[in-house]
Each structure stands twice: as C-alpha cells, then as structure tokens.
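**Q** I have a structure here, written as structure tokens, and I will follow up with some questions on it.
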C-alpha cells in the first residue's frame with residue numbers, strides 16, 4: 001500500500017531536484033515574484049558574477065512597496081524613484097516581465113499573482129517578501145525569502161531547503177455573522193502565539209476553512225508568517241478551480257480540465273501524519289482587534305486591555321508593559337473605548353474586491369467621523385477599476401474616505417502614506433509592530449468591516465452592533 | 001562572504017522577546033539599492049530620537065557596549081519581514097554572532113547567507129549570558145568547528161547547527177556557485193517537470 005502523504009509532502013517530492021545526505025534538498029521553484037525593494041542587490045550580484053536569469057518566463061515583477069498612491073506618475077521621493085527605475089532597468093536587462101507603475105496589471109505582488117492566474121495549485125512560489133504565504137490559499141507551497149535567496153532563484157530557479165515539519169490547523173464549525181477570515185487568523189495567532197508555526201508549514205483544514213471564499217482564504221494564508229510559519233496552505237477544491245477558470249495565465253480549455261484533475265490529487269491522504277495539530281472552533285470567535293505591538297497581542301472586541309499586574313511570567317509581563325507604553329493604553333481599558341485618528345483599508349491581507357465590498361457594506365450612507373482620516377488603497381489597478389465600475393469609489397468618497405491608487409501604502413509606510421507619531425490607526429493590514437505605519441505610530445489590526453465601523457464611530461465598536469446582519 | 005571559524009568578542013545583551021526586523025532596520029532605510037552601509041541605521045528608532053539624536057536610555061548607545069560583536073537576544077528573534085537588510089545592518093554594525101533561544105525561519109536563513117552565525121541556546125543559558133553582559137564587560141568565545149560557546153568564568157555550552165550551514169559558514173562559500181555545479185540535474189528536471 002502507498003504511504004499516505006500530506007499535500008505539503010506531495011508538492012515537496014514533486015519539486016525535489018537533488019537529494020543528498022547532510023544537505024537540504026534542492027527544490028525547484030515554479031514561480032518567482034519580484035518587487036523593487038528586495039531585488040536590486042540580487043540583480044547587482046548577478047551582474048558582478050556575470051550570471052543570467054535562468055528562467056525569465058517563470059519570473060514576474062511589479063512595483064508595490066514604494067509607489068505613491070496619489071498624483072501618479074510623479075514620484076517626489078528621489079530614493080524611491082531610483083529604486084523603481086533600478087527594477088525597470090534590471091527587468092529590461094534580464095528579460096523579465098514587469099507590471100510597472102503605469103501598467104494595468106500593477107498592484108501588490110500578492111494580489112496580482114492570484115488575479116492573473118500565475119498562482120496555481122501545486123506550484124512552488126517564492127518572493128522576497130514574507131507575505132508570499134498568501135499564495136498558499138490555492139494549495140501552492142509559497143514562502144518568503146531574503147535577497148540572497150532571490151539572487152539564487154534568479155540564477156538557478158532552485159533553492160536549498162530543509163524539508164519543513166507539517167502542522168495541521170484544524171478549524172471546525174462556522175464563523176458567525178459579522179465575523180471574518182481576518183478575525184479567524186487573528187484569533188488563531190492570539191490563541192497559539194506568534195511563533196507556533198516556526199519551523200513548520202501550516203495546512204489549514206476543517207469545515208470553517210472549506211466554507212471560505214478564495215479571497216478569504218488568501219487573508220488567512222497571508223498571515224501564516226505572523227504565526228512564525230513561512231508557508232501556510234489550503235488544499236484546492238471547487239472554490240479554487242472556479243476562481244482560476246479563465247484567468248489570463250491559467251491553463252485554457254481542455255488543458256484547464258486536465259489541470260483540474262491533476263490538482264484534485266493535491267489533498268492530504270487519509271491517515272497521513274502531521275508533526276503537530278492544533279484545533280479551534282470557529283463558532284467561538286468574535287470580531288478581533290489587536291491592542292499591542294505584535295499580531296498575537298489581540299483580543300475579542302468585547303474584551304478589555306490586559307493588566308500586566310495579573311501576569312505571572314516576568315518576561316511576558318515586561319513585554320505587555322512595553323507594548324501598553326508604546327500604544328498609549330491603560331490596563332483594563334475597554335477595547336471599545338479606544339479612539340482612532342486614522343483608518344487604512346488596504347494591504348496584501350485585505351485589499352481585494354470582496355474586502356472593499358464588505359467595508360462598503362458597513363459604510364453605506366454613513367460618514368467618516370470628523371476626527372478620522374480614512375483611506376482605501378485597492379490592492380491592484382484591476383481591483384480599483386472593478387470597484388469603480390461597481391460605484392464603490394463614489395460610496396467611499398461620499399462617506400469621506402480618500403480613494404487611492406494601488407500599492408502597499410500605509411501597511412508599511414514606505415511611501416508618503418504615513419501615520420504620524422502618537423496617532424492611532426485602525427488598519428486592515430498584517431503587522432502592528434512598533435513604527436510599522438510611521439515612527440511612533442500606533443497600529444490596531446482589524447477586519448475591513450471592523451475598520452470601516454471604526455471610521456464611522458471614531459473608535460472601535462463591535463461591527464455586529466453597527467450594521468444589521470445581511471444574511 | 002567572510003568565513004567564520006572561531007570568534008571572540010564583546011557581548012551586547014538585548015533582553016526582549018519577538019524583536020522583529022522592522023525594529024532591526026526600519027522601513028525608511030529600505031530604499032537603498034546597495035548592500036553596504038546599513039549599520040548606521042541598525043535599531044534606528046530605538047537608538048535615535050525624533051531629532052536623530054542618540055537616545056541615552058537605549059543600552060547600545062552606552063560607551064560600555066562600544067565594539068560589541070556578539071548579540072544576545074530574546075525568543076523569536078528576527079520575526080516579521082523577510083528583509084535581508086536586517087542581517088546586513090547587524091553585520092555592518094559589527095555583529096558576527098547572534099545567540100537567542102529561537103529565531104524566525106527567514107531571518108535565520110538570511111544570517112547564514114551573510115556569514116553571521118546564529119546560535120540557539122536554552123532560555124536558561126541565554127538568561128545567564130544576558131545577566132553577565134548587563135553586569136560586566138563580558139566577552140564570549142564561539143568555536144564553530146567544535147560547536148561550542150564559552151567564557152573565561154567556566155561557562156560552556158554546545159550548540160546544534162545543520163551540517164550544511166556549518167560547512168557554508170566555515171568556508172564562506174558562494175552558494176550559487178555550488179548550485180550551478182548541479183546545472184545538469186536542474187536541466188534534466190526541467191525537461192520532465
């Protein structure tokens with residue numbers, strides 16, 4: 001009888017080029033996504049060594065981290081402009097496709113890969129960006145790499161990788177009304193911690209996962225890295241296949257049907273063993289908001305800010321004290337008493353069309369609170385166009401939101417979209433680290449629905465009390 | 001990259017958990033297209049205030065930590081962003097060895113590729129090292145060949161490292177050069193993939 005295998009092991013075996021003792025495996029990379037911030041030194045390395053890009057057609061580049069989201073194509077930041085120009089000349093020199101700042105396919109690399117159908121089940125996908133885990137939503141093995149590894153993939157289309165351990169994140173039940181995929185992944189990280197996935201690839205399984213749309217699955221897999229896991233994936237199913245049908249780079253016609261029958265094998269076999277399994281019941285999850293300086297410092301909206309005095313472990317107490325001091329919060333303060341000055345709806349976690357529709361459904365007819373500056377940054381030019389066709393741009397702007405061009409924007413504030421020191425932002429992004437959205441800025445992570453509700457109220461509220469259930 | 005066999009150096013203690021790469025090198029310094037010169041921006045928002053003046057209350061700015069080359073950190077060191085600018089900044093500042101109870105996966109890979117030795121020791125061992133380095137001017141010796149860390153006071157700890165990483169670090173090898181020696185296998189793989 002054949003040994004039962006996890007989907008992770010199946011993909012791994014199919015991509016192993018070399019396996020030798022006392023070495024990691026040499027893993028073949030099907031798709032390499034490139035952006036302006038983590039690639040210049042890699043291309044320079046190739047040039048210095050007189051090397052070529054081995055498979056330009058397996059490589060796809062865009063600009064996202066640095067790009068301004070307003071007044072394009074003017075780029076006022078000289079250093080950023082130079083970085084984008086460097087990517088342009090590198091792509092020209094090495095023959096790589098580039099969705100440049102004025103190209104209709106431009107957008108956040110983890111939004112456009114799936115949108116173009118470049119992301120497909122069973123592929124190995126890398127990018128010099130830790131949120132590459134996003135693509136795992138399609139049953140791909142996708143992980144972030146450093147710039148040395150970017151250079152290695154450009155030159156060889158492979159990477160030396162130790163076979164990861166496997167961790168099953170099993171989510172039973174159903175998410176309640178007003179509770180989102182973002183709340184699910186935040187609840188997972190807060191329950192199991194910011195390093196429970198270190199050394200593992202996560203596979204998300206269970207009824208609650210199966211019910212998620214593709215875009216919701218991307219939000220979940222996106223934040224695997226915030227649990228320490230370089231990759232997190234979901235076995236493909238009809239939802240995946242339907243999403244991919246007719247995408248530009250997906251197989252066409254009979255080839256698509258053949259691909260689907262192949263993709264259907266990308267399941268974890270009955271009886272396959274994981275190195276570890278954790279369980280969570282989706283029906284217990286409430287809308288979440290982070291209160292601290294890492295994504296695990298997160299609580300249900302009905303809760304109060306933790307009291308360090310009640311924490312026994314001295315290191316844990318110290319990190320909570322530091323986080324509260326940075327965040328300017330009081331112990332035991334209600335989360336619903338936290339007033340915000342900024343709202344950011346965007347990022348590779350939550351900037352897709354369904355995210356914008358959900359935020360819009362909360363706003364409908366209401367206005368942004370006078371003390372709040374709110375902006376929507378669509379994940380790609382395509383998402384922006386689609387939203388405009390649906391009139392979402394008007395809805396957001398009538399409510400008082402700024403409507404911007406696509407990019408990473410205020411998620412990491414490398415462009416001009418910055419939260420000032422000491423001010424507070426309700427953000428649909430993925431990291432609430434110190435200084436992430438601007439030096440001294442205070443970030444609270446939440447779902448698009450919760451961020452939209454906060455924009456209206458000027459403070460965090462339970463979105464379920466703001467809007468009547470839609471279903 | 002520079003080979004690393006043994007290292008003897010002054011220790012800097014950073015007793016914080018979950019130090020993320022946004023803290024190691026904040027995003028405003030990621031726009032440069034070179035690999036060199038990131039040391040001046042290391043831990044920038046902790047080292048410097050809003051007027052770019054050194055913060056006296058941040059320990060790395062104290063004279064006793066001038067010339068440090070061994071960093072002792074907390075659990076889950078280097079979590080978050082994959083930016084290799086983090087090890088570039090640490091190396092350029094002068095750090096050759098980082099010791100912590102655990103490291104984030106991407107950061108750990110990135111250190112090895114740049115000739116920085118990242119060593120996992122137990123919480124207890126790390127606490128001892130933090131304590132010594134906070135009290136005194138404290139130096140440690142790291143012997144990669146023997147996989148040992150020791151001081152002059154009698155502390156000695158063995159550590160694990162994957163054989164491959166050890167080989168690369170000891171010899172300062174160009175990994176791409178090695179991989180290209182497998183070009184035939186890669187081509188063969190591509191023909192049937």
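The values are calculated or read from the model by the stated rules, or taken from the named source; none is laboratory data. If you're wondering where the values come from, they're calculated on a predicted model, not measured in any experiment. Here the Cβ is made from the backbone with ideal geometry for all residues, glycine too, and neighbour counts use every protein chain on show.
**Q** Which condition from (1) part of a strand (DSSP E or B); (2) crowded, with 21+ Cβ neighbours inside 10 Å is the one that residue A:402 breaks?
**A** Just one mismatch for residue A:402, condition (2).
**Q** Just to check your reading of the model, which residue among A:451, A:446, A:426 is more than 14 Å from every other protein chain (Cβ to nearest Cβ) and within 15 Å of the chain's Cα centre (by Cα)? Spell out the reasoning first.
**A** Numbers: A:451 fails: within 15 Å of the chain's Cα centre (by Cα); A:426 fails: within 15 Å of the chain's Cα centre (by Cα).
That would be A:446, the only listed residue that is more than 14 Å from every other protein chain (Cβ to nearest Cβ) and within 15 Å of the chain's Cα centre (by Cα).
**Q** Would you say residue A:125 is in a strand (DSSP E or B), closer than 24 Å to residue A:229 by Cα and within 19 Å of the chain's Cα centre (by Cα)?
**A** yes
**Q** Of all residues in segment A:286-326, which are within 14 Å of another protein chain (Cβ to nearest Cβ), modelled with pLDDT of 95 or more and part of a loop (DSSP other than H, G, I, E, B)?
**A** Matches in segment A:286-326: A:292, A:293, A:294, A:295, A:296, A:297, A:311.
**Q** Still on this structure: Would you point out the residue of segment B:10-31, among those that are touching a helix residue (DSSP H, G or I) at 6+ places or on another chain (Cβ under 6 Å) and surrounded by fewer than 20 Cβ atoms within 10 Å (Cβ to Cβ), that is nearest to residue A:39 (Cα to Cα)?
**A** B:29
**Q** Go through A:269, A:255 for me and flag whichever is part of a loop (DSSP other than H, G, I, E, B) and either more than 24 Å from the chain's Cα centre (by Cα) or surrounded by fewer than 17 Cβ atoms within 10 Å (Cβ to Cβ) (or both).
**A** A:269
**Q** What about residue A:329, is it assigned by TED's automatic domain parsing to the domain that holds residue A:406, touching a residue at least 12 places away in the same chain (Cβ under 8 Å) and not in a loop (DSSP other than H, G, I, E, B)?
**A** When the stated conditions are applied, residue A:329 does not pass them.
**Q** Residues in segment A:143-151: is at least one without any contact (Cβ under 8 Å) to a residue 12 or more places away in the chain and in contact with a strand residue (DSSP E or B) (Cβ under 8 Å, 6 or more places away or on another chain)?
**A** Taking every residue of segment A:143-151 in turn, none turns out to be without any contact (Cβ under 8 Å) to a residue 12 or more places away in the chain and in contact with a strand residue (DSSP E or B) (Cβ under 8 Å, 6 or more places away or on another chain).
**Q** Here's another thing I want to ask about it. Within segment A:361-399, track down each residue that is surrounded by fewer than 16 Cβ atoms within 10 Å (Cβ to Cβ) and either more than 14 Å from residue A:448 (Cβ to Cβ) or assigned by TED's automatic domain parsing to the domain that holds residue A:69 (or both).
**A** Result: A:365, A:367, A:370, A:371, A:385, A:388, A:389, A:390, A:391, A:394, A:397, A:398.
**Q** Restricting attention to segment B:82-110, report how many residues are assigned to a loop (DSSP other than H, G, I, E, B) and in contact with a strand residue (DSSP E or B) (Cβ under 7 Å, 6 or more places away or on another chain).
**A** 7
**Q** If we scan segment A:158-174, do we find a residue that is in contact (Cβ under 8 Å) with a residue 12 or more places away in the chain and part of a helix (DSSP H, G or I)?
**A** In the first step, residues of segment A:158-174 are kept if they are in contact (Cβ under 8 Å) with a residue 12 or more places away in the chain; the result is A:158-174.
If we keep only those that are part of a helix (DSSP H, G or I) too, we end up with none.
Within segment A:158-174, not a single residue is in contact (Cβ under 8 Å) with a residue 12 or more places away in the chain and part of a helix (DSSP H, G or I).
**Q** Could you tell me which residue of segment A:167-194 is nearest to residue A:296 (Cα to Cα), considering only residues that are surrounded by fewer than 23 Cβ atoms within 10 Å (Cβ to Cβ) and within 14 Å of chain B (Cβ to nearest Cβ)?
**A** Only one residue tops the list, namely A:190.
**Q** Out of all the residues in segment B:1-59, which are in a strand (DSSP E or B) and more than 10 Å from every other protein chain (Cβ to nearest Cβ)?
**A** Of everything in segment B:1-59, those that are in a strand (DSSP E or B) and more than 10 Å from every other protein chain (Cβ to nearest Cβ) turn out to be B:6, B:7, B:8, B:9, B:10, B:11, B:12, B:13, B:54.
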